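The structure appears right after this line, and notes come after that.
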């Protein structure tokens with residue numbers, strides 16, 4: 001990260017985390033924690049943080065707002081966290097789930113647009129968890145999506161944030177303390193997201 005960089009976070013409710021009720025529009029989750037930790041430890045950089053998360057969104061929803069919410073913002077860094085709803089909906093609302101083939105194709109389109117129309121560095125976050133039992137149906141369904149994310153990060157020379165790995169390791173060591181309902185994060189979960197993101201950025 002460089003002085004005055006504009007860092008844009010886009011994703012679903014995990015990224016959103018109440019941003020529409022926040023006067024700063026940052027929400028009350030990992031995006032705010034990253035901003036605050038950067039302010040404390042690297043305040044001279046004067047970074048600008050933008051939260052473009054919207055609850056319930058899937059990768060196809062990002063596609064619909066990619067131009068206005070990402071490309072047009074001219075960010076220096078774009079951090080993407082998407083996939084939980086694509087899989088979760090397969091379980092409780094199958095007609096709204098996004099199967100892996102469409103997920104990969106759509107994600108690839110978004111990344112190609114970033115490379116073509118911006119100079120932004122790309123940060124791709126693994127999905128977190130669906131239930132904190134890594135053997136749950138939701139987590140088993142997430143496996144190919146996280147494999148896809150890792151492949152795309154490599155292909156597009158993006159920074160990978162291994163949040164799924166971090167969640168699995170934390171839950172193994174400390175038990176289910178990361179989510180309130182199997183998906184949405186506790187303060188501990190948000191702290192894990194923030195520290196994993198910053199560590200991945202070597203920051």
Inset, instruction - Grab the DSSP H runs of the chain that are 4 residues or longer, score each as -39,500 (n - 2.57), total them, divide by all residues and round the 222 nm result to the nearest 500 deg cm²/dmol. - result: -15500 deg cm²/dmol
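First check a/c for region 1-121, with a ≥ b ≥ c the square roots of the eigenvalues of its C-alpha gyration tensor; if it is under 1.5, answer rounded, and if not, answer prolate when a/b is larger than b/c or oblate otherwise. Working shown, then result.
Numbers: a/c = 2.51, a/b = 1.48, b/c = 1.70.
Oblate, because a/c is 1.5 or more while a/b does not exceed b/c.
For residue 25 and residue 165 in the same chain, what is the full-extension length gain: residue separation times 0.36 nm, less their Cα-Cα distance, in nm? Intermediate results must be reported in sequence, preceding the final value.
Numbers: separation 140, 0.36 × 140 = 50.40 nm, distance 2.87 nm.
Here the segment from residue 25 to residue 165 would lengthen by 47.5 nm.
In the chain, what % of DSSP beta bridges are antiparallel (nearest 5)? Please list the in-between numbers first.
Details: 1 of 17 bridges.
Antiparallel: roughly 5 percent of the beta bridges in the chain.
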Legend entry - Ranking of 57, 42 by count of other Cβ atoms within 10 Å, fewest first: 42, 57
Inset, instruction - With mean projected area of the Cα convex hull in nm² in mind, check [x] 12.4; [y] 10.6; [z] 11.4 and report the label derived from this structure. - result: [y]
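Pull out the extension gain between residue 93 and residue 150, defined as 0.36 nm times the separation in residues minus the alpha carbon to alpha carbon distance; nm, one decimal. Let's see the in-between values first.
On the way: separation 57, 0.36 × 57 = 20.52 nm, distance 2.63 nm.
Stretched fully, the residue 93-residue 150 segment lengthens by 17.9 nm.
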Inset, instruction - Post the alpha-carbon centroid distance, region 94-150 to region 158-203, in whole angstrom. - result: 16 Å
Inset, instruction - Assuming a ≥ b ≥ c are the square roots of the Cα gyration tensor eigenvalues, decide whether region 139-178 counts as rounded (a/c under 1.5), prolate (otherwise, with a/b larger than b/c) or oblate. - result: oblate
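At a 10 Å Cβ-Cβ cut-off, how would you order 84, 149, fewest neighbours first?
Details: 84 23, 149 28.
Least crowded to most crowded, the residues run 84, 149.
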Legend entry - Inter-probe distance in nm under a simple model that places probes 7 Å from Cα toward Cβ, at residue 41 and residue 202: 1.5 nm
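What length, rounded to one decimal in nm, is gained on full extension from residue 112 through to residue 136, with 0.36 nm per residue of separation minus their alpha-carbon distance? Can you show the working numbers first?
Values: separation 24, 0.36 × 24 = 8.64 nm, distance 3.30 nm.
Full extension of this stretch gives 5.3 nm more.
Values in this text are rule-based calculations from the coordinates and carry no lab data. All of these numbers come straight from a predicted model, not from anything done at the bench. Glycine also receives a Cβ, built like all others from the backbone with ideal geometry; neighbour counts cover every protein chain displayed.
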